[in-house]
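A short worksheet on the structure shown next.
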Amino acid sequence: MRNAAIALVFMLLGLTLLWPYIRSAFLRAIVPIGRGTSGVLDERVSGDAVFCSGQTVLTAPAPGSIRFTVKHGDSVRVGDPIAEIGDKDALASVSENLASAQAQLRMYEAQTADVFQDLSGIIQECYQRAVAAFYNLQTAFASGDTSNYLEKYHGFDHEVDELSQHRAKLMVLEDERSKLVSQVEMMQQIASSSSVKILAPVSGIFCADITALDSRLTEANLAAMDASELSVLAREIKDATEYRVEDGQEIAYGDLIGRIVSGENVKFCLTVKTEQRPDIRSGSKVLLEIGSNAPVYCTISSIIDGKPPGYSVISGEIDYLAPDRYVRASHASLITRREQGVIVPVKSLIDKNGQIGVLLVQKTYAVFHPVEVRMIRGDQAAVQGISETSEIVLNGMRFFEGRRVR
């Protein structure tokens with residue numbers, strides 16, 4: 001009995017001396033403590049995207065032996081010579097193409113003449129009404145009569161919007177005519193030369209690498225495809241073999257010989273599952289992440305559901321994409337919202353009397369601290385109200401509030 005009593009005394013003495021270490025080890029095992037990290041969370045939807053309009057495919061206007069005057073990766077401007085075909089017999093084919101281009105221009109001008117005249121008259125009337133509305137607006141403002149100032153302002157704004165809409169329609173007509181005129185001028189230059197020259201139709205970077213699918217990457221062709229066809233095309237493009245036309249190679253009329261990547265007004269079609277489609281509409285400005293590159297701003301042009309059922313096609317436009325970042329197809333993510341803050345685990349958040357917060361560790365005790373939750377994505381949350389140096393209980397349980405946690 002005496003030996004047992006002595007052993008018990010020593011054991012109690014040992015527990016008393018070791019208790020702080022035992023308690024710390026126990027708390028570390030059951031109460032995880034850590035810090036959040038400063039970062040960004042975003043809402044996104046991902047899928048396969050196909051791109052067009054950012055590049056112009058060059059085709060041979062005549063058969064013969066080709067010689068390039070620029071190298072792969074060279075910067076070119078509109079009208080710069082890209083290559084020439086030395087077969088003089090090909091000029092007959094060029095003459096036919098010139099006649100066809102001139103016929104297309106005449107037909108287009110005849111078809112749009114009435115519309116052009118009507119739009120020109122409407123624009124002139126809209127301009128006169130906008131000037132009158134602006135004068136009335138300034139007169140009301142100068143006189144101090146604000147009783148109907150808002151009505152006059154809306155009237156002026158309406159006239160300006162109507163003027164812009166009609167001008168946009170007129171510019172569409174003129175842009176198409178400009179393309180046809182440029183085509184005629186280019187063919188005329190070719191026809192007047194001793195050899196068939198291929199001139200740059202746009203400014204950009206000349207790329208000698210082409211694929212057999214480049215000719216299919218047009219806005220009209222992509223618009224006619226549904227989600228399944230676009231997905232198949234994206235896979236085919238990724239697997240397509242690139243090739244180059246070499247100097248001295250014999251080519252046929254219509255053969256692809258290269259492309260010029262401008263990166264201007266790039267169009268894209270993104271296929272996603274309809275259940276994951278974000279709540280956006282035409283005209284929305286969002287971010288598009290192409291592959292692993294930094295996101296770029298884009299404008300949504302259309303959203304079509306049920307092509308086929310269960311899938312949606314989101315189309316949009318990027319004002320400018322650097323030529324070295326331009327791709328024909330890629331896995332892409334549409335980012336509709338981004339929030340910055342301190343990133344913490346969702347399970348560290350607790351609700352106290354309708355207020356969301358975390359258990360902030362002050363010295364050795366856990367104290368409730370309210371935070372503003374900016375976004376929750378998966379098991380992470382972006383919050384504001386604490387710093388990245390703040391220590392918190394990573395598994396927030398109300399039981400720990402006010403208690404010693406270390």
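The values are calculated or read from the model by the stated rules, or taken from the named source; none is laboratory data. Computed from a predicted model, the values in this text were never measured in an experiment. Backbone-built Cβ (ideal geometry, glycine too); neighbour counts: all protein chains shown.
Would you tally the residues in the stretch 305-357 being of a type in the set (Phe, Trp, Tyr) and over 26 Å from Glu275 (Cα atoms)?
The total comes to 2.
Enumerate the strands (runs of 3 or more DSSP E) found wholly within the stretch 262-362, keeping only those where 3 or more residues are without any contact (Cβ under 8 Å) to a residue 40 or more places away in the chain and more than 30 Å from Leu394 (Cα to Cα).
Filter on the stretch 262-362 gives 296-305.
For every residue, the table says whether it meets (1) modelled with pLDDT under 90; (2) touching a Gly at 6+ places or on another chain (Cβ under 9 Å); (3) buried (at least 18 other Cβ atoms within 10 Å of the Cβ).
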site	(1), (2), (3)
Asp279	yes, no, no
Val342	no, yes, yes
Gln362	yes, no, no
Tyr365	yes, yes, no
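Among the residues in the stretch 239-254, are any within 29 Å of Tyr108 (Cβ to Cβ), assigned to a loop (DSSP other than H, G, I, E, B) and of a type in the set (Asp, Glu)?
No, every residue in the stretch 239-254 fails to be within 29 Å of Tyr108 (Cβ to Cβ), assigned to a loop (DSSP other than H, G, I, E, B) and of a type in the set (Asp, Glu).
I'm trying to understand the selection: among the residues of the stretch 285-300, which are of a type in the set (S, T, N, Q), at pLDDT below 90 and under 15 Å from Cys269 (Cα atoms)?
Listed by number, the list is empty, since nothing qualifies.
I'm told Ala381 meets every condition in (1) at pLDDT below 90; (2) surrounded by 15 or more Cβ atoms within 10 Å (Cβ to Cβ); (3) not polar (S, T, N, Q) except one. Can you identify the failing condition by its number?
(1)
Do the conditions hold for Gln188, that is, is it buried (at least 18 other Cβ atoms within 10 Å of the Cβ) and either in contact with a strand residue (DSSP E or B) (Cβ under 6 Å, 6 or more places away or on another chain) or assigned to a helix (DSSP H, G or I) (or both)?
When the stated conditions are applied, Gln188 does not pass them.
Could you check, for the stretch 315-333, whether at least one of its residues is basic (Lys, Arg) and within 18 Å of Pro370 (Cα to Cα)?
no
Conditions tested, residue by residue: (1) at pLDDT 80 or above; (2) at positive phi; (3) assigned by TED's automatic domain parsing to the domain that holds Glu185; (4) not aromatic (Phe, Trp, Tyr).
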site	(1), (2), (3), (4)
Tyr108	yes, no, yes, no
Val115	yes, no, yes, yes
Leu119	yes, no, yes, yes
Gln124	yes, no, yes, yes
Tyr127	no, no, yes, no
Thr139	no, no, yes, yes
Ser143	no, no, yes, yes
Tyr153	no, no, yes, no
His158	no, no, yes, yes
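Please go through the stretch 384-404 and give me each residue that is outside any loop (DSSP other than H, G, I, E, B) and buried (at least 17 other Cβ atoms within 10 Å of the Cβ), ordered by number.
Glu391, Ile392, Val393, Phe400
Right, Asp175: modelled with pLDDT of 70 or more, more than 30 Å from Asp80 (Cα to Cα) and acidic (Asp, Glu) or not?
When the stated conditions are applied, Asp175 does not pass them.
Considering only the stretch 319-326, I want to know if a residue exists there that is touching a Leu at 6+ places or on another chain (Cβ under 9 Å) and either modelled with pLDDT under 90 or of a type outside the set (Phe, Trp, Tyr) (or both).
Within the stretch 319-326, not a single residue is touching a Leu at 6+ places or on another chain (Cβ under 9 Å) and either modelled with pLDDT under 90 or of a type outside the set (Phe, Trp, Tyr) (or both).
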